[in-house]
């Protein structure tokens, strides 16, 4: 099985399959990807774009699926069945392929998630109010800074890449001390 990003919708042949199937932009051009499979031959997918400018197409760690990121929206595609088996993300802006531990790491402005051979390994939950900077993966630990609008400051935190559990992330710390409004 092979895949490639095309510069646009093909002008001939069968129409591209829209992802998601019932998306409000199902008939607008998104990220166009051609798949060449052993059982179904060549087909084209048209992936609705999300809200970021981040596009990427990579083989899933299980070697059967393909992960398509279209404008920050993530799709796990089974090319043989020509369908999405999972949708994730929504404003993805970060990707890293890690060898130890073996996983794909994705991030948006608030959280991180990891995929391994068996699918999604974990999702961190919200760690930042609006953004990360200075992201560094070192062994099984991600170190970065998360933004807080309370004082317009950046705060360091760590994320265990094996479990998805964060230490000192500013969003959960500030939410734990927030006063409840009645």
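The values are calculated or read from the model by the stated rules, or taken from the named source; none is laboratory data. Source: prediction; values computed, not measured. Counting neighbours? That spans all protein chains shown, and the Cβs are built from the backbone with ideal geometry, glycine included.
Among all residue pairs at least 6 apart or on different chains, which show Cβ distances below 6 Å where the first residue, located in the stretch 9-22, is under 14 Å from residue 33 (Cβ atoms) and the second is surrounded by 10 or more Cβ atoms within 10 Å (Cβ to Cβ) and at pLDDT below 90?
Close Cβ pairs (under 6 Å, with a partner that is surrounded by 10 or more Cβ atoms within 10 Å (Cβ to Cβ) and at pLDDT below 90) amount to 18/26.
Within the stretch 167-178, count every residue that is exposed (fewer than 14 other Cβ atoms within 10 Å of the Cβ) and part of a loop (DSSP other than H, G, I, E, B).
Result for the stretch 167-178: 3.
Identify, from the list 143, 133, the residue that is without any contact (Cβ under 8 Å) to a residue 24 or more places away in the chain, more than 17 Å from the chain's Cα centre (by Cα), surrounded by 12 or more Cβ atoms within 10 Å (Cβ to Cβ) and more than 10 Å from residue 170 (Cα to Cα).
143
Failed condition for residue 79, given (1) under 28 Å from residue 38 (Cα atoms); (2) without any contact (Cβ under 8 Å) to a residue 60 or more places away in the chain, with all others met?
Failing condition for residue 79: (2).
How about the stretch 88-106: which of its residues are part of a strand (DSSP E or B) and surrounded by 14 or more Cβ atoms within 10 Å (Cβ to Cβ)?
The first filter runs over the stretch 88-106 and keeps only residues part of a strand (DSSP E or B), leaving 88-89, 94-98, 103-106.
Selection gives 88, 89, 94, 95, 96, 98, 103, 104, 105, 106.
Is it true that residue 142 is more than 20 Å from residue 56 (Cα to Cα), in a loop (DSSP other than H, G, I, E, B) and modelled with pLDDT of 95 or more?
Taking the combined requirement at face value, the residue does not satisfy it.
Consider residue 53 against the criteria (1) closer than 27 Å to residue 107 by Cβ; (2) surrounded by 15 or more Cβ atoms within 10 Å (Cβ to Cβ): it satisfies all of them except one. Which criterion is unmet?
Unmet for residue 53, out of (1) closer than 27 Å to residue 107 by Cβ; (2) surrounded by 15 or more Cβ atoms within 10 Å (Cβ to Cβ): (2).
Go through the stretch 148-166 and give me each residue that's part of a loop (DSSP other than H, G, I, E, B) and either in contact with a strand residue (DSSP E or B) (Cβ under 9 Å, 6 or more places away or on another chain) or under 20 Å from residue 114 (Cα atoms) (or both).
If the condition is that a residue be part of a loop (DSSP other than H, G, I, E, B) and either in contact with a strand residue (DSSP E or B) (Cβ under 9 Å, 6 or more places away or on another chain) or under 20 Å from residue 114 (Cα atoms) (or both), then 161, 162, 163, 164, 165 are the ones that fit.
Kindly provide the set of residues from the stretch 107-130 that are surrounded by 18 or more Cβ atoms within 10 Å (Cβ to Cβ) and part of a loop (DSSP other than H, G, I, E, B), ordered by number.
Those that are surrounded by 18 or more Cβ atoms within 10 Å (Cβ to Cβ) and part of a loop (DSSP other than H, G, I, E, B): 108, 109, 110, 111, 124, 127, 128.
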